[in-house]
Amino acid sequence: MYIGDGLLGDVAAHIEHDCPAPRYALIADSHVGPLYGESLREALGSSRAELVTFPAGEWNKTRDTWTILSDELLHLHFDRQSAIIGLGGGVSGDLAGFVAATFLRGIPHVQVPTTLLAMVDSAIGGKTGVDTAFGKNVIGAFHQPRAVFADVQTLTSLPPVQLAAGMAEAIKHGVIADGAYLDRMVSLPDAIRGRDTTALIDVVQRSVEIKAAVVSSDERERDQRSALNFGHTVAHALEALLGYELLHGEAVAIGMVAEATLGEDIGVTERGLAARVRDALEQFRLPVEPPGAIDRTQLIDRMTRDKKARDRTVRFALPATIGTMARDERGLHTIPVPESVIDLVLAHIW
(Lines give C-alpha, C1' and ligand atoms only; values in the text may rest on other atoms or scores of the structure.)
Protein backbone atom coordinates (compact mmCIF):
# COMPACT_ATOMS: atom_id res chain seq x y z
CA MET A 1 0.00 0.00 0.00
CA TYR A 2 1.39 3.37 -1.07
CA ILE A 3 0.00 6.53 0.59
CA GLY A 4 1.14 10.06 -0.14
CA ASP A 5 0.57 13.46 -1.70
CA GLY A 6 1.28 13.57 -5.44
CA LEU A 7 1.68 9.83 -6.02
CA LEU A 8 -0.12 9.86 -9.36
CA GLY A 9 2.88 11.51 -10.97
CA ASP A 10 4.95 8.38 -10.35
CA VAL A 11 2.26 5.72 -10.18
CA ALA A 12 2.96 4.29 -13.63
CA ALA A 13 6.49 3.31 -12.64
CA HIS A 14 5.23 1.78 -9.40
CA ILE A 15 2.57 -0.22 -11.25
CA GLU A 16 5.14 -1.56 -13.69
CA HIS A 17 7.32 -2.63 -10.76
CA ASP A 18 4.63 -4.20 -8.56
CA CYS A 19 2.41 -5.57 -11.30
CA PRO A 20 4.47 -6.00 -14.50
CA ALA A 21 2.44 -6.81 -17.60
CA PRO A 22 2.74 -6.37 -21.36
CA ARG A 23 -0.71 -4.73 -21.43
CA TYR A 24 -2.90 -2.87 -18.98
CA ALA A 25 -6.64 -2.23 -18.97
CA LEU A 26 -7.62 0.85 -16.98
CA ILE A 27 -11.21 0.58 -15.73
CA ALA A 28 -12.79 3.85 -14.57
CA ASP A 29 -16.20 5.48 -14.53
CA SER A 30 -17.28 8.29 -16.84
CA HIS A 31 -16.28 10.96 -14.29
CA VAL A 32 -12.82 9.72 -13.29
CA GLY A 33 -11.76 8.48 -16.72
CA PRO A 34 -11.38 11.97 -18.22
CA LEU A 35 -9.84 13.35 -14.99
CA TYR A 36 -7.06 10.82 -14.44
CA GLY A 37 -7.46 7.92 -16.86
CA GLU A 38 -6.01 9.41 -20.02
CA SER A 39 -2.89 10.77 -18.31
CA LEU A 40 -2.23 7.44 -16.59
CA ARG A 41 -2.74 5.63 -19.87
CA GLU A 42 -0.18 7.86 -21.55
CA ALA A 43 2.27 7.37 -18.68
CA LEU A 44 2.00 3.61 -19.07
CA GLY A 45 2.28 3.88 -22.85
CA SER A 46 -0.74 4.36 -25.07
CA SER A 47 0.33 1.43 -27.25
CA ARG A 48 -0.06 -1.07 -24.39
CA ALA A 49 -2.68 0.54 -22.15
CA GLU A 50 -6.39 0.94 -22.84
CA LEU A 51 -8.91 3.04 -20.92
CA VAL A 52 -12.30 1.34 -20.61
CA THR A 53 -15.07 3.36 -18.98
CA PHE A 54 -18.62 2.79 -17.78
CA PRO A 55 -21.39 5.20 -16.65
CA ALA A 56 -20.80 6.58 -13.14
CA GLY A 57 -23.11 5.66 -10.27
CA GLU A 58 -23.65 2.83 -7.79
CA TRP A 59 -26.72 1.76 -9.79
CA ASN A 60 -24.34 0.79 -12.61
CA LYS A 61 -22.42 -1.69 -10.44
CA THR A 62 -24.27 -4.61 -12.00
CA ARG A 63 -23.75 -7.89 -13.81
CA ASP A 64 -24.63 -6.09 -17.05
CA THR A 65 -21.76 -3.63 -16.59
CA TRP A 66 -19.41 -6.49 -15.64
CA THR A 67 -20.42 -8.24 -18.88
CA ILE A 68 -19.84 -5.14 -21.00
CA LEU A 69 -16.41 -4.52 -19.46
CA SER A 70 -15.35 -8.16 -19.80
CA ASP A 71 -16.52 -8.31 -23.41
CA GLU A 72 -14.64 -5.11 -24.21
CA LEU A 73 -11.42 -6.63 -22.87
CA LEU A 74 -11.99 -9.74 -24.98
CA HIS A 75 -12.68 -7.54 -28.01
CA LEU A 76 -9.38 -5.71 -27.37
CA HIS A 77 -7.54 -9.07 -27.22
CA PHE A 78 -6.38 -8.88 -23.61
CA ASP A 79 -4.93 -12.19 -22.42
CA ARG A 80 -3.74 -13.94 -19.24
CA GLN A 81 -0.48 -11.96 -19.19
CA SER A 82 -2.43 -8.69 -19.00
CA ALA A 83 -3.33 -6.76 -15.85
CA ILE A 84 -6.21 -4.53 -14.80
CA ILE A 85 -6.04 -1.17 -13.03
CA GLY A 86 -9.09 -0.09 -11.04
CA LEU A 87 -9.13 3.72 -11.07
CA GLY A 88 -11.65 5.75 -9.07
CA GLY A 89 -14.04 5.22 -6.20
CA GLY A 90 -15.49 2.12 -4.66
CA VAL A 91 -17.75 1.27 -7.60
CA SER A 92 -14.86 1.32 -10.06
CA GLY A 93 -12.65 -0.66 -7.71
CA ASP A 94 -15.28 -3.31 -7.05
CA LEU A 95 -16.06 -3.72 -10.75
CA ALA A 96 -12.42 -3.71 -11.85
CA GLY A 97 -11.54 -6.25 -9.18
CA PHE A 98 -14.43 -8.52 -10.16
CA VAL A 99 -13.49 -8.34 -13.82
CA ALA A 100 -9.90 -9.20 -12.87
CA ALA A 101 -11.04 -12.10 -10.65
CA THR A 102 -13.10 -13.66 -13.43
CA PHE A 103 -11.43 -12.65 -16.70
CA LEU A 104 -9.82 -15.78 -18.19
CA ARG A 105 -10.24 -17.28 -14.68
CA GLY A 106 -8.27 -14.51 -13.03
CA ILE A 107 -5.58 -12.00 -13.91
CA PRO A 108 -3.62 -9.55 -11.69
CA HIS A 109 -4.90 -6.12 -10.82
CA VAL A 110 -3.98 -3.00 -8.86
CA GLN A 111 -6.18 -0.39 -7.26
CA VAL A 112 -5.75 3.37 -7.63
CA PRO A 113 -8.50 4.83 -5.41
CA THR A 114 -9.41 8.48 -5.89
CA THR A 115 -12.06 8.88 -3.14
CA LEU A 116 -11.55 8.83 0.60
CA LEU A 117 -13.98 5.96 1.04
CA ALA A 118 -12.10 3.82 -1.45
CA MET A 119 -8.73 4.70 0.12
CA VAL A 120 -9.74 3.79 3.67
CA ASP A 121 -12.02 0.88 2.90
CA SER A 122 -13.14 -0.59 -0.41
CA ALA A 123 -9.73 -0.73 -2.13
CA ILE A 124 -8.30 -2.68 0.83
CA GLY A 125 -8.97 -6.34 1.50
CA GLY A 126 -9.67 -7.96 -1.85
CA LYS A 127 -13.47 -7.94 -1.85
CA THR A 128 -14.90 -7.49 -5.35
CA GLY A 129 -18.41 -7.75 -6.67
CA VAL A 130 -21.61 -6.34 -8.09
CA ASP A 131 -25.09 -5.53 -6.81
CA THR A 132 -28.31 -7.28 -7.79
CA ALA A 133 -31.99 -6.79 -7.05
CA PHE A 134 -31.48 -9.19 -4.12
CA GLY A 135 -28.83 -7.10 -2.42
CA LYS A 136 -25.51 -5.27 -2.47
CA ASN A 137 -22.35 -7.17 -3.39
CA VAL A 138 -24.13 -10.54 -3.34
CA ILE A 139 -22.27 -11.65 -6.49
CA GLY A 140 -18.50 -11.36 -6.22
CA ALA A 141 -15.14 -12.89 -5.38
CA PHE A 142 -12.14 -12.41 -3.13
CA HIS A 143 -9.27 -11.24 -5.34
CA GLN A 144 -6.39 -9.38 -3.70
CA PRO A 145 -4.75 -6.51 -5.65
CA ARG A 146 -1.01 -6.63 -6.23
CA ALA A 147 -0.77 -3.06 -4.90
CA VAL A 148 -2.90 -0.08 -3.85
CA PHE A 149 -1.90 3.54 -4.54
CA ALA A 150 -3.67 6.26 -2.54
CA ASP A 151 -2.83 9.82 -3.58
CA VAL A 152 -4.57 12.25 -1.22
CA GLN A 153 -4.05 15.00 -3.82
CA THR A 154 -7.04 13.52 -5.68
CA LEU A 155 -9.21 14.40 -2.68
CA THR A 156 -8.82 18.13 -3.35
CA SER A 157 -11.37 17.85 -6.17
CA LEU A 158 -13.71 15.55 -4.23
CA PRO A 159 -17.12 17.08 -3.41
CA PRO A 160 -17.68 17.67 0.34
CA VAL A 161 -20.42 15.03 0.53
CA GLN A 162 -18.04 12.43 -0.95
CA LEU A 163 -15.31 13.35 1.53
CA ALA A 164 -17.80 13.05 4.39
CA ALA A 165 -18.90 9.66 3.08
CA GLY A 166 -15.34 8.43 3.38
CA MET A 167 -15.15 9.69 6.93
CA ALA A 168 -18.06 7.42 7.87
CA GLU A 169 -15.87 4.39 7.18
CA ALA A 170 -12.93 5.96 9.04
CA ILE A 171 -15.15 6.62 12.06
CA LYS A 172 -16.28 2.98 11.89
CA HIS A 173 -12.65 1.89 12.13
CA GLY A 174 -12.19 4.01 15.24
CA VAL A 175 -15.34 2.61 16.86
CA ILE A 176 -14.46 -1.02 16.26
CA ALA A 177 -10.73 -0.92 16.95
CA ASP A 178 -9.16 2.34 18.19
CA GLY A 179 -10.82 4.85 20.49
CA ALA A 180 -7.82 7.19 20.39
CA TYR A 181 -8.07 7.34 16.60
CA LEU A 182 -11.77 8.17 16.87
CA ASP A 183 -11.00 10.98 19.31
CA ARG A 184 -8.30 12.32 16.99
CA MET A 185 -10.67 12.51 14.05
CA VAL A 186 -13.40 14.18 16.07
CA SER A 187 -10.89 16.81 17.26
CA LEU A 188 -9.88 17.73 13.69
CA PRO A 189 -13.04 18.09 11.60
CA ASP A 190 -12.06 21.45 10.13
CA ALA A 191 -8.61 20.24 9.05
CA ILE A 192 -10.05 17.11 7.44
CA ARG A 193 -12.91 18.93 5.72
CA GLY A 194 -10.38 21.55 4.59
CA ARG A 195 -8.28 18.83 2.90
CA ASP A 196 -5.26 19.34 5.13
CA THR A 197 -2.72 16.91 3.69
CA THR A 198 -1.25 15.84 7.02
CA ALA A 199 -4.68 15.15 8.49
CA LEU A 200 -5.83 13.20 5.43
CA ILE A 201 -2.70 11.05 5.31
CA ASP A 202 -3.16 10.29 9.01
CA VAL A 203 -6.78 9.18 8.39
CA VAL A 204 -5.89 7.00 5.42
CA GLN A 205 -2.82 5.50 7.11
CA ARG A 206 -4.54 4.54 10.37
CA SER A 207 -7.68 3.21 8.69
CA VAL A 208 -5.60 1.10 6.34
CA GLU A 209 -3.62 -0.27 9.31
CA ILE A 210 -6.82 -1.23 11.11
CA LYS A 211 -8.49 -2.83 8.12
CA ALA A 212 -5.35 -4.65 6.99
CA ALA A 213 -4.86 -6.13 10.46
CA VAL A 214 -8.42 -7.47 10.50
CA VAL A 215 -8.28 -8.78 6.93
CA SER A 216 -4.91 -10.51 7.44
CA SER A 217 -6.41 -12.53 10.28
CA ASP A 218 -9.53 -13.55 8.33
CA GLU A 219 -9.22 -12.90 4.60
CA ARG A 220 -12.34 -14.86 3.59
CA GLU A 221 -14.61 -13.42 6.30
CA ARG A 222 -15.17 -16.64 8.23
CA ASP A 223 -15.66 -14.64 11.44
CA GLN A 224 -13.35 -11.85 12.66
CA ARG A 225 -13.53 -9.83 9.44
CA SER A 226 -17.26 -9.48 10.07
CA ALA A 227 -16.35 -6.77 12.59
CA LEU A 228 -15.75 -4.47 9.63
CA ASN A 229 -19.46 -4.75 8.82
CA PHE A 230 -20.58 -2.64 11.77
CA GLY A 231 -23.32 -0.40 10.38
CA HIS A 232 -23.44 -2.26 7.09
CA THR A 233 -26.36 -4.63 7.66
CA VAL A 234 -28.74 -1.69 7.95
CA ALA A 235 -26.75 0.33 5.38
CA HIS A 236 -26.87 -2.25 2.59
CA ALA A 237 -30.59 -2.79 3.11
CA LEU A 238 -31.20 0.98 3.06
CA GLU A 239 -29.15 1.46 -0.10
CA ALA A 240 -31.06 -1.21 -1.97
CA LEU A 241 -34.46 -0.11 -0.68
CA LEU A 242 -33.84 3.53 -1.66
CA GLY A 243 -32.41 2.73 -5.08
CA TYR A 244 -28.90 3.88 -4.10
CA GLU A 245 -29.92 7.50 -3.70
CA LEU A 246 -27.73 7.56 -0.58
CA LEU A 247 -23.97 7.48 -0.88
CA HIS A 248 -22.55 4.33 0.67
CA GLY A 249 -20.86 6.26 3.48
CA GLU A 250 -24.10 8.11 4.23
CA ALA A 251 -25.94 4.79 4.52
CA VAL A 252 -23.17 3.42 6.77
CA ALA A 253 -23.47 6.49 9.03
CA ILE A 254 -27.21 5.90 9.45
CA GLY A 255 -26.59 2.20 9.91
CA MET A 256 -23.98 2.68 12.65
CA VAL A 257 -26.32 4.81 14.75
CA ALA A 258 -29.16 2.32 14.29
CA GLU A 259 -27.01 -0.73 15.03
CA ALA A 260 -25.28 0.83 18.04
CA THR A 261 -28.73 1.68 19.44
CA LEU A 262 -29.83 -1.89 18.75
CA GLY A 263 -26.75 -3.18 20.56
CA GLU A 264 -27.54 -1.03 23.59
CA ASP A 265 -31.14 -2.25 23.58
CA ILE A 266 -30.20 -5.94 23.64
CA GLY A 267 -27.49 -5.38 26.25
CA VAL A 268 -24.30 -6.11 24.31
CA THR A 269 -23.23 -2.48 23.74
CA GLU A 270 -22.38 -0.09 26.56
CA ARG A 271 -24.86 2.68 27.18
CA GLY A 272 -23.97 6.00 25.58
CA LEU A 273 -21.97 4.50 22.71
CA ALA A 274 -24.68 5.25 20.13
CA ALA A 275 -24.73 8.90 21.21
CA ARG A 276 -20.95 9.08 20.89
CA VAL A 277 -21.12 7.62 17.39
CA ARG A 278 -23.87 10.06 16.45
CA ASP A 279 -21.83 13.01 17.71
CA ALA A 280 -18.76 11.91 15.74
CA LEU A 281 -20.76 11.55 12.53
CA GLU A 282 -22.44 14.93 12.97
CA GLN A 283 -18.99 16.54 13.26
CA PHE A 284 -18.59 15.64 9.58
CA ARG A 285 -22.17 16.59 8.64
CA LEU A 286 -23.19 13.02 7.93
CA PRO A 287 -26.84 11.91 8.14
CA VAL A 288 -27.82 9.87 11.19
CA GLU A 289 -31.32 8.86 10.07
CA PRO A 290 -32.98 8.10 6.72
CA PRO A 291 -34.03 11.00 4.48
CA GLY A 292 -37.70 10.03 4.66
CA ALA A 293 -40.21 7.44 5.80
CA ILE A 294 -38.97 3.86 5.54
CA ASP A 295 -41.05 0.68 5.17
CA ARG A 296 -39.51 -1.28 8.04
CA THR A 297 -40.98 -4.59 6.88
CA GLN A 298 -39.28 -4.27 3.50
CA LEU A 299 -36.06 -3.07 5.11
CA ILE A 300 -35.90 -6.03 7.52
CA ASP A 301 -36.71 -8.43 4.68
CA ARG A 302 -33.67 -7.11 2.83
CA MET A 303 -31.58 -7.57 5.96
CA THR A 304 -32.46 -11.26 6.00
CA ARG A 305 -30.71 -11.54 2.63
CA ASP A 306 -27.50 -10.09 4.07
CA LYS A 307 -24.41 -12.26 3.59
CA LYS A 308 -24.04 -12.62 7.39
CA ALA A 309 -27.62 -13.92 7.78
CA ARG A 310 -28.13 -17.58 8.66
CA ASP A 311 -31.48 -19.27 7.96
CA ARG A 312 -32.99 -15.80 7.47
CA THR A 313 -31.85 -14.78 10.96
CA VAL A 314 -30.28 -11.33 10.87
CA ARG A 315 -26.84 -11.11 12.46
CA PHE A 316 -25.11 -7.84 13.32
CA ALA A 317 -21.50 -6.85 14.00
CA LEU A 318 -21.93 -4.78 17.16
CA PRO A 319 -19.40 -2.90 19.31
CA ALA A 320 -19.23 -3.79 22.99
CA THR A 321 -17.27 -0.64 23.85
CA ILE A 322 -15.39 1.88 21.75
CA GLY A 323 -12.50 -0.18 20.40
CA THR A 324 -13.87 -3.67 21.11
CA MET A 325 -16.52 -5.82 19.42
CA ALA A 326 -19.22 -7.92 21.03
CA ARG A 327 -19.30 -11.69 20.57
CA ASP A 328 -22.08 -14.25 20.80
CA GLU A 329 -22.11 -17.24 23.15
CA ARG A 330 -19.88 -19.19 20.74
CA GLY A 331 -17.35 -16.39 20.53
CA LEU A 332 -18.39 -15.29 17.01
CA HIS A 333 -18.17 -11.65 15.98
CA THR A 334 -21.80 -11.35 14.88
CA ILE A 335 -24.89 -11.31 17.12
CA PRO A 336 -28.28 -12.77 16.10
CA VAL A 337 -31.21 -10.40 16.70
CA PRO A 338 -34.91 -11.33 16.29
CA GLU A 339 -36.79 -9.41 13.62
CA SER A 340 -39.34 -8.23 16.20
CA VAL A 341 -36.58 -6.54 18.21
CA ILE A 342 -35.12 -4.90 15.10
CA ASP A 343 -38.56 -3.55 14.22
CA LEU A 344 -39.14 -2.11 17.70
CA VAL A 345 -35.76 -0.38 17.82
CA LEU A 346 -36.08 1.12 14.34
CA ALA A 347 -39.62 2.30 15.08
CA HIS A 348 -38.33 4.06 18.20
CA ILE A 349 -35.34 5.85 16.64
CA TRP A 350 -36.84 6.69 13.23
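The values are calculated or read from the model by the stated rules, or taken from the named source; none is laboratory data. Bear in mind that the values here come from a model prediction, so they are computed numbers and not experimental data. In this analysis, Cβ positions are derived from the backbone assuming ideal geometry, glycine residues included, and neighbour counts consider all displayed protein chains. Surface accessibility is based on the protein's heavy atoms, side chains included, excluding ligands, DNA and RNA. Shrake-Rupley method; radii C 1.70, N 1.55, O 1.52, S 1.80 Å.
Some notes on this structure:
- Between 0 and 90 degrees, the angle of helix 273-283 with respect to the longest Cα principal axis of the chain falls at about 50 degrees.
- Computed as a quarter of the hull surface, the mean projected area of the alpha carbon convex hull for segment 1-93 stands at 6.1 nm².
- Using the Karplus relation 6.51 cos²θ - 1.76 cosθ + 1.60 with θ = phi - 60°, the per-residue 3J(HN,Hα) values for segment 24-40 come to 10, 10, 8, 10, 8, 7, 5, 8, 7, x, x, 6, 10, x, 5, 5, 5 Hz, with x marking Gly and Pro.
- Cα gyration tensor of segment 22-62 - equivalent ellipsoid semi-axes, whole Å, descending: 21, 11, 5
- Spacing of the two label points (7 Å from each Cα toward its C-beta) at residue 48 and residue 77, in nm: 1.6
- If you run the Gaussian network model on the chain, springs between alpha carbon atoms under 10 Å, then out of 302, 312, 278 the most flexible one is 312.
- Where a label projected 7 Å from the Cα of residue 310 along Cα→Cβ would reach, residues of segment 323-340 with amide N under 17 Å: 326-339
- Compactness check for segment 59-147: Cα Rg over 2.2 N^0.38 Å is 0.99.
- Semi-axis lengths, Å, segment 144-220, gyration tensor of Cα atoms, sqrt of 5 times eigenvalues: 21, 16, 10
- Translational diffusion of segment 119-172, estimated by Stokes-Einstein from the Kirkwood radius over alpha carbon pairs at 10 °C in a medium of 1.306 mPa s, is 121 µm² per second.
- Ordering of 1-7, 82-88, 204-210 by burial proxy (mean other Cβ atoms within 10 Å per residue, highest first): 82-88, 204-210, 1-7
- In the chain, the calculated helix contribution to ellipticity at 222 nm averages -13500 deg cm²/dmol per residue, counting -39,500 (n - 2.57) for every DSSP H run with n ≥ 4.
- For q = 0.12 Å⁻¹, Debye-computed log10 I/I(0) when each Cα of segment 2-156 counts as one equal scatterer: -0.42
- In terms of packing, defined here as the mean over residues of other Cβ atoms within 10 angstrom, the peptides 129-135, 343-349 line up highest first as 129-135, 343-349.
- Note on residue 63 and residue 350: with the Förster distance fixed at 35 Å, the Cβ-Cβ geometry gives a FRET efficiency of about 0.65.
- Segment 186-265-segment 15-49 distance, computed between alpha-carbon centres (Å): 29
- Among 22-30, 115-123, sorting by the average number of other beta carbon atoms lying within 10 angstrom of each residue, highest first, gives 115-123, 22-30.
- If the chain linking residue 219 and residue 161 were pulled fully straight, counting 0.36 nm for each residue of separation and taking away their Cα-Cα distance, it would gain 17.8 nm.
- For segment 250-345, the Cα-based Rg and Dmax, in that order, read 13.3, 38 Å.
- With 10 Å bins from 0: P(r) over segment 2-42, alpha-carbon pairs, percent: 25, 55, 19
- Nearest-10 value in Å² for the accessible area of residue 308, using the 1.4 Å probe: 10
- Options (1) 67, 54, 31; (2) 60, 42, 37; (3) 64, 50, 40 - which one matches Cα extents along the principal axes in Å as calculated here: (2)
- Estimated distance in nm for a label pair at residue 102 and residue 285, the labels positioned 7 Å out from Cα along Cα-to-Cβ: 3.8
- Cα gyration tensor of segment 79-238 - equivalent ellipsoid semi-axes, whole Å, descending: 26, 18, 15
- For the pair residue 329 and residue 184, label points projected 7 Å from Cα toward Cβ lie 4.0 nm apart.
- Across segment 106-146, the fraction of Cα-Cα pairs farther apart than 13 Å, rounded to a whole number, is 58%.
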